[in-house]
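Asks: After the structure tokens below, expect a handful of questions from me.
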Amino acid sequence: MLLTESDLQAIWLTLRLASMVTLILLIIGTPIAWWLARSQKWWKGPVAAVVALPLVLPPSVLGFYLLLAMGPHGPVGQLTQSLGIGLLPFTFWGLVIASVFYSLPFMVQPLQTAFEAVGERPLEVAATLRASPLDAFFTIVVPLSFPGFMTASILTFAHTVGEFGVVLMIGGNIPGVSRVVSVQIYDHVEAMDYLQAHRLSAVMLAFSFFVLLAMYIWRPSRGVK
């Protein structure tokens, strides 16, 4: 086989992680993006800056502070220990939480842009028809913002697949638990197994290209009336 059993295991773990992070961020990121698109509060700027922070913050810095927070002396770590869950670092769920923080702007920002493009008029019409805000959101805003949802989901999924620094800081390098594709490639290079590193890297290169190609081919349909 071109890919070893450990390579396939890393691919499966990566796809599982990316799928779960995308689903969680759809649930969490949608209300955040809606609030940012609609709010006129003075703290909108600071909240938007916090959401965008992972775009400019080195992954090792984010991973370090998450590691402290989830460690035995951190607030999250103390909470999870008191609940009988144990510590999250070097577990799959620790990776999920770290990836949610790291991929947050890739979900929120496209959704915020899509929500802002909807405008006020459709919501005003819905209000005159006595639609509740929740009804208006799901029957008007969501359909009109569907391209934004697709773009946000694709970007979040692809970004999570390509994570390395945060994953390594929080998850380490445990086969079947935290060894995702990016870490597996690093292991091949460290072992000077360049042929296997090339094969796995080629798979990820093809995946990234076709994900972006699909997104850019599909996006022009937004302008079709």
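Asks: Bin by bin, in steps of 5 Å, what percent of the Cα pairs in the stretch 63-172 do you find, going until the bin that has the longest distance?
Replies: Bin by bin from 0 Å, the calculated values are 2, 12, 16, 14, 11, 10, 10, 11, 8, 5, 1.
Asks: Among 50-63, 141-154, 74-87, 97-110, how do they line up from the highest to the lowest mean number of other beta-carbon atoms within 10 Å? Provide the component values of the computation, followed by the final result.
Replies: Details: 50-63: 15.1, 141-154: 18.6, 74-87: 13.1, 97-110: 23.8.
In decreasing order of mean packing, 50-63, 141-154, 74-87, 97-110 become 97-110, 141-154, 50-63, 74-87.
Asks: Can you check how the C-alpha radius of gyration of the chain compares to 2.2 N^0.38 Å, as a plain ratio? Working shown, then result.
Replies: Values: Rg = 20.0 Å, N = 225, 2.2 N^0.38 = 17.2 Å.
So the Cα radius of gyration is 1.16 times the expected 2.2 N^0.38 Å.
Asks: Let me ask another. Could you work out what % of the accessible surface of the chain is carbon and sulfur, using a 1.4 angstrom probe and leaving DNA, RNA and ligands out of the count?
Replies: Values: 9020 of 12640 Å².
The value for the chain is 71 percent carbon and sulfur by accessible area.
Asks: Provide the per residue accessible area, probe 1.4 Å, for the chain, rounded to a whole number of square angstrom. Spell out each step's value before the answer.
Replies: Working: 12640 Å² over 225 residues.
It amounts to 56 Å² per residue over the chain.
Asks: If you average 1/r over all unlike Cα pairs in the stretch 15-103 and invert the result, what Kirkwood radius do you get in angstrom?
Replies: Values: mean 1/r = 0.0692 Å⁻¹.
With all distinct Cα pairs of the stretch 15-103 included, I get 14.5 Å.
Asks: What translational diffusion coefficient, to the nearest whole µm²/s, does the stretch 112-225 have by Stokes-Einstein, given a Kirkwood radius computed over alpha-carbon pairs, a temperature of 37 °C and 0.692 mPa s viscosity? Present the calculation step by step, with values, prior to reporting the outcome.
Replies: Values: Rh = 17.4 Å.
Result for D is 188 µm²/s.
Asks: Sort out for me the Cα centre separation of the stretch 161-191 from the stretch 34-106, rounded to whole Å.
Replies: 19
Asks: Quick one: accessible surface of I185, probe radius 1.4 Å, all protein chains present, in square angstrom to the nearest 10.
Replies: Around 30 Å² of this residue is reachable by solvent.
Asks: So which chymotrypsin sites (Phe, Trp or Tyr not before Pro) in the stretch 20-70 are both in a DSSP loop and have at most 16 other Cβ atoms within 10 Å of their Cβ? Numbers along the way, then the final one.
Replies: Values: sites: W34, W35, W42, W43, F64, Y65; in loops: W42, W43.
Answer by residue number: W42, W43.
The values are calculated or read from the model by the stated rules, or taken from the named source; none is laboratory data. All of these numbers come straight from a predicted model, not from anything done at the bench. A quick note on method: Cβ atoms are made from the backbone with ideal geometry, for glycine too, and the neighbour counts reach across all protein chains shown. For accessibility, only protein heavy atoms count, side chains too; no ligands or nucleic acids. Shrake-Rupley method; radii C 1.70, N 1.55, O 1.52, S 1.80 Å.
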